Each structure stands twice: as C-alpha cells, then as structure tokens.
Amino acid sequence: MWYHDHAIDITAENVYRGLAGFYVSFNTLDTGNETDPPPALGLPSGDFDIGLVIQDRLFDRNGFLVYDNFDHNGFLGDKFLVNGKIQPFFQVHPRRCRFRWLNTGPSRFLELFLTDPNNLSAHHPFWQISHDGNLLPRPLLVESVGMAVAERSDVIIDFSQLPPGSSLFIENRLEQKDGRGPTNRILPAGQGNLLLRFDVVLPPVADNSADPATITHLLDVPAAPQNIVTRGFRFDRQNGMWAINGRLMDDDCETIRFRAKLPCTSVHSTEPRCRQVLWKARRRSSSRTSTSDCVPMRTVRQSPALASSSSRATATQRRYQKASSSR
C-alpha cells in the first residue's frame, strides 16, 4: 500500500511535493523472508525488495517545483523522478530482485518496459506478481506493465540473465501529450521516457528466492458474490471540473450521497455483516468531454474487484484476461 495526504483541494499538490510513502505489510504467503518454508512463496526479500516511486515534475530555472493549482485538465512535468531523484541509476547484484512500482502521477499514465539502449530490438521480459491491491493469481511473464495514476505493481527482474557490466533502463513508452490522458500509442523502444538505469556491476550473492517460473499459484481469486447491490458512478465534466452522477464534490464533505445497508438481524447473527456491492463506473462522452479524458480511480479501503467499466482498461487487465482465456 501507499499513504499520502488527503486534504481537500490540495491532495494532488501535496503528493506532487513529496508527501507520500510506502506502507509495506506481509502475511503467511508474502512473508518478507525469501528463506521461509511453504506456504511462503519465497519472494525476493530484504535488500532485494525495493520500492520505487515514479513521478514526473516541472522545475523553474532556480530548481524549485512548479505546480498549477488552477489547471483542472491535469498536469505533466518534463523531468522524471524515481524516489525523488531525476532519472537516477541503480547498481544491482546478478540475482532476482522484487520492485514495488508506484505511479504517483499526478496525471501521467505509464507503460513500463525494460530497454537496452545499445540493442533497441532486444526484448527483456520480467515477471509481474501483483497489480494494485493484491497478488495476482499466478506470476505473469510480461514485457511491460501499465499503470494509471496512483496504481501499484510488483515485478521481479532477474539480473543474473544479463552480462556483468550491462545496463537496462526502465522506459515509459506510453505517449501522453497533456494531462487529460494518454493517446494509447506505444512508442518504439528508445523513444519513450527513460526513468531509471539498472547497472549490473555488483558482485554475485546468494539468491534464495523462488524462481517465478516455478510458482504456479500466488493467490486465490474470491468467488463472485451472489446477492449483490449494484451502484453506478457516472463521471462527467462540469465547468472544467469532474462531477459524479451530475454532482460536484461538497467542500464540507458532510453530505451523504448513499448509505450501505446491513442485512444482519443482530450483532450475534451468523449472516454476512454487510451486503456485497458491485460498483459500475462509466465516463459519459459529450461535446464538453474530450474522448481522451481518463478517469483513474482507486478506493480508500482495499480491495474490491472492479468488474465493469467503460473507461480504458489498463494494459495489465487486458493482458491477464488474455492469458487467463488461453489456459
């Protein structure tokens, strides 16, 4: 998970200025120790479990951050930061490493590849093990990971497959020209935004983590609920601001838009405490709304299954659906 300030009207600016961080938790499967016996999954741990906060920022000539509070169309920077450093390098050992990627935006969408600038035609697949809220049902061998604003993905990269002294870049190849959203065009290798350089220059060390290729199961997907309540959320633009179901946000946050009903007959009942709720989100296109507008959403409490949306599905969702249907 990640945490950040949530003050009304200045959330994006506070995150933009660096008020954000990781909150890492573990369980009996993802234990934080790669040497733990089963049912632990043996994921890379310790110094080889690294969080990377990806951001784009705009600086003035004096090196101070620039942010436009009055631009409701989104805001793009011209410098790319990872953990607060502008396009840094990362020296790694020739072994498997787990990276927790987080896109804090504030408006940029990402499609992240691994790129060798000396061989742009080469493909460098890696393993994706989670997307946003939870582990995936099984590891996926991918060439890229798509991330909307505020989304997270965990990946495993095996640097033992690279020659000593070689380098790879994390490259964002998703074209985006303004803050309203990406064009959905994937740029050729080397023509995107180079975010971070991995240098395989550290000496070999022991690797007790499990090979993702041998992990056939990470996490069970919950069964679809039967008796559910469906709620619809329609996103639209009003006077340059986002509205939900035709209403703008209340400044005082005191107006209750809907209530969740409890079906329990008593606190000692064996019935489910709460009804299952299906959220259906859609964005209405009109003459006032550009078709390129994207509406990244996330819930404050983890982690519902977003089962239906007419907005742009992430590349990860499409890829997992395709992989699942081919099994």
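What follows is calculated from the coordinates using simple rules that are stated; it is not laboratory data. All of these numbers come straight from a predicted model, not from anything done at the bench. Neighbour counts are summed over all protein chains in view; Cβ atoms, including those assigned to glycine, are modelled from backbone coordinates with ideal geometry.
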Report summary line: Residues ASP220, ASP199 in order from fewest to most other beta-carbon atoms within 10 Å are ASP220, ASP199
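Can you give the % of DSSP beta bridges in the range 89-199 that are antiparallel, to the nearest 5? If you can, show how the numbers build up before the last one.
Numbers: 31 of 34 bridges.
Antiparallel bridges: around 90 percent, rounded to the nearest 5.
Counting Lys and Arg as +1 and Asp and Glu as -1, what is the net charge of the other residues whose Cβ lies under 12 Å from the Cβ of ARG100?
Values: positive: ARG98, ARG152; negative: ASP30, ASP49, ASP132, GLU151, ASP154.
With Lys, Arg at +1 and Asp, Glu at -1, the net is -3.
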Query - Net charge over other residues, Cβ less than 14 angstrom from the Cβ of LEU218 (K, R count +1; D, E count -1) - result: -2
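Which whole-number percentage describes the relative contact order of the range 25-98, with Cα contacts under 8 Å and a sequence gap of 6 or more? Mind dumping the intermediate values first?
Working: 91 pairs, mean separation 20.1, N = 74.
Rounded, it is 27 percent for the range 25-98.
Once you sort the root eigenvalues of the Cα gyration tensor of the range 2-214 as a ≥ b ≥ c, which label holds: rounded (a/c under 1.5), prolate (a/b larger than b/c) or oblate (the other case)? Provide the component values of the computation, followed by the final result.
Values: a/c = 1.89, a/b = 1.42, b/c = 1.33.
Prolate is the answer for the range 2-214, as a/c is 1.5 or above and a/b outweighs b/c.
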Query raised in the report: How do PHE22, PHE64 rank when sorted from fewest to most other Cβ atoms within 10 Å of their own Cβ?
Result: PHE64, PHE22
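So if we plug the beta-carbon distance of LEU194 and ARG17 into 1/(1 + (r/R0)^6) with R0 = 25 Å, what FRET efficiency do we get, rounded to 0.05?
Numbers: r = 24 Å, r/R0 = 0.95.
Taking R0 as 25 Å, the efficiency between LEU194 and ARG17 is 0.60.
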Requested in this report: Apply the Karplus parameterisation 6.51 cos²θ - 1.76 cosθ + 1.60, with θ equal to phi minus 60°, to every residue of the range 96-102 and state each ³J(HN,Hα) to the nearest whole Hz, in sequence, with x for glycine and proline.
Outcome: 6, 10, 9, 10, 9, 7, 9
**Report entry** Computed label-point distance, nm, for sites ASP47 and ALA243 using a 7 Å Cα→Cβ extension
**Finding:** 5.7 nm
Report task. Compare the peptides 116-129, 229-242, 157-170 by average per-residue count of other Cβ atoms within 10 angstrom and give them in order, highest first. Result -> 157-170, 116-129, 229-242
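Classify the range 94-146 as rounded, prolate or oblate from the Cα gyration tensor: take a ≥ b ≥ c as the square roots of its eigenvalues, call it rounded if a/c is under 1.5, otherwise prolate when a/b beats b/c and oblate if not.
Details: a/c = 1.99, a/b = 1.21, b/c = 1.64.
Taking the square roots of the gyration eigenvalues as a ≥ b ≥ c, the range 94-146 is oblate.
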